[in-house]
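Okay, so here's the structure we're looking at.
The values are calculated or read from the model by the stated rules, or taken from the named source; none is laboratory data. Note that the structure is predicted; figures quoted are calculated from it, not measured. All Cβ positions, glycine included, derive from the backbone under ideal geometry; neighbour counts span all protein chains shown. Calculation scope for accessible area: heavy atoms of the full protein, side chains included, ligands and nucleic acids excluded. Shrake-Rupley method; radii C 1.70, N 1.55, O 1.52, S 1.80 Å.
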Amino acid sequence: MTTVEYRSSASPVANMLRWVGAIGITAIAVMRCFIVFAPQLVFDTDPVADPDPLAGLAMAGSLWLDVMLLLAAALGLLGETLAKRGLDWRLMLLALIPVPILFWHGSRDIAHLWRGSTWAGAMIAGVTLMHLARDHTIRIVVASLLLGTVAALLVRGIAQLSFEHSDMIRTFEQNKDKFLADRGWAPDSAAARIFERRLRQPQPTGWFPSTNIYGSLAAFGLISWTGLAILAARARMQSGWWGAMALLATACAVMLWFTGSKGAIAIALVGLFAALAPMVSVRLRAMLERWGGAVCVGLVILTLIAIALRGVALPESFAGDKSLLFRWHYLIASARMFAANVLVGVGGDGFQDAYTVFRVPRNPEEVQSAHSLFADWLCTFGIAGATWVVLTLIMVWR
């Protein structure tokens, strides 16, 4: 796929299809940032015991979003084809290779289909958006919508850090014994202690199941709003514009700090350097233009190396933090899991059950994910998952 920017010179029908695809993909991505997704297939909760309705979607709703996402991607690719802009079929092939494995697992358990189709839809839509975003205007609109999403998540994070967290702790204290019993946890067990320790930490999560995902979006917002604020000031826009952007960047930095996500904080610092360095040094600008892709891919690889070094070279009690150590344990278990299921993997919803078999004995958790998409894909789809690893690195490079 060429990196040349295309302007709107295609037929009206082709342009309409391209815009429908771009807005459709972005709209569903935004929806997934604002909707809670529950793994239950059937809800049989006693309304007397739990009167609150689920403010989100279950498996069926998530699958319908995947269908709409794929339809938007198909329309976008059709528009690119009619506009004769050229398609990189190698990227699309990399996105499609794990799909047969996905459906094979999904035919046996809808939970496998649910989780796997979300990944597959995202990868196919991502490749489509790589094509569509060659258009300068589409790229600006999509980036603006995503930045608006971050702004809304900031409001949600502030609410969670303030009154919602105290309400949650109070509810937990009132129902602690029943809550732990429902999950089969003894009050003094390692799993119960880890859960309670994390529960009492005031951290923003938005509508995501993990604070790390929120932290990644906060880092994206911090880098983007900082760059926009500087550009607005240099363009001599009214102070209200660059002031508002600087305020949003500051809010992203505060939320990022409260997530405690070391990876997100580290990548935010790297991103800020990459955004600001070209403004102060012509030499750095030229170097980043030439080697930026290699640097980004190298940082991904260095992250995995850093986790390995934490697990192999440093004592378990190092700095009183075991977050990276546990991730090393996850990677060890993932490697064992992959080796035992190299052809077809364990399925989209099979990681947690398999982890109990392959986990490091001294690790007390029973996680649903390796906390690494690369490891998750390899464990979920076997060797076919390696194509998504390659595709992601290509996206990062470009």
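Taking only Cα atoms, what is the 0 to 90° angle, nearest 10, from helix 282-313's long axis to the longest principal axis of the chain? Value to nearest ten degrees: 10.
Between helix 110-132 and the chain there is an angle of about 20 degrees, using the helix long axis and the longest principal axis of the Cα atoms. Rounded to the nearest 10 square angstrom, SER372 shows an accessible area of 20 square angstrom against a 1.4 Å probe. Taking the Cβ of GLY21 as the centre, find all other residues whose Cβ is under 12 Å away and add up their charges (Lys, Arg: +1; Asp, Glu: -1). Local charge sum for GLY21: -1. For the chain, the relative contact order works out to 16 percent when only alpha carbon pairs closer than 8 Å and six or more residues apart are counted. For the range 206-252, the relative contact order is 42 percent, taking Cα pairs closer than 8 Å that sit 6 or more residues apart in sequence and dividing their mean separation by the residue count.
Heavy atoms only, 1.4 Å probe, whole protein assembly: order CYS296, CYS252 by accessible area, highest first. Please list the in-between numbers first.
Values: CYS296 60, CYS252 0 Å².
From most exposed to least exposed: CYS296, CYS252.
Under 20 Å between alpha carbons, and skipping anything fewer than 8 positions from LYS322 in its own chain: which lysines qualify? LYS322 reaches LYS262. In percent, what relative contact order does the range 334-398 have, based on Cα pairs under 8 Å that are 6 or more apart in sequence? Across the range 334-398, relative contact order equals 41 percent. Rounded, prolate or oblate: which fits the range 216-329 when a ≥ b ≥ c are the square roots of the eigenvalues of the alpha-carbon gyration tensor, with rounded for a/c under 1.5 and prolate only if a/b beats b/c? The shape class here is oblate.
In terms of its alpha-carbon gyration tensor, the range 320-398 comes out oblate; a/c meets the 1.5 threshold, while b/c is at least as large as a/b.
Taking the Cα centre of each part, how many Å lie between the range 219-236 and the range 111-154? When both Cα centres are located, 21 Å separates them.
The solvent-accessible area of TRP397, taken with every protein chain present and a 1.4 Å probe, is close to 140 Å².
Relative to the longest principal axis of the Cα atoms of the chain, the long axis of helix 323-340 makes an angle of roughly 90 degrees.
Which order do the peptides 162-173, 358-369, 132-143, 220-231 come out in when sorted by mean C-beta neighbours inside 10 angstrom, highest first?
Final packing ranking: 220-231, 132-143, 358-369, 162-173.
Taking every pair of Cα atoms in the chain, average 1/r, invert it to obtain the Kirkwood radius, and report Rg/Rh to two decimals.
0.96
Take every Cα-Cα pair in the range 77-169 and report what % of them are more than 19 Å apart. Percent of Cα pairs beyond 19 Å in the range 77-169: 62.
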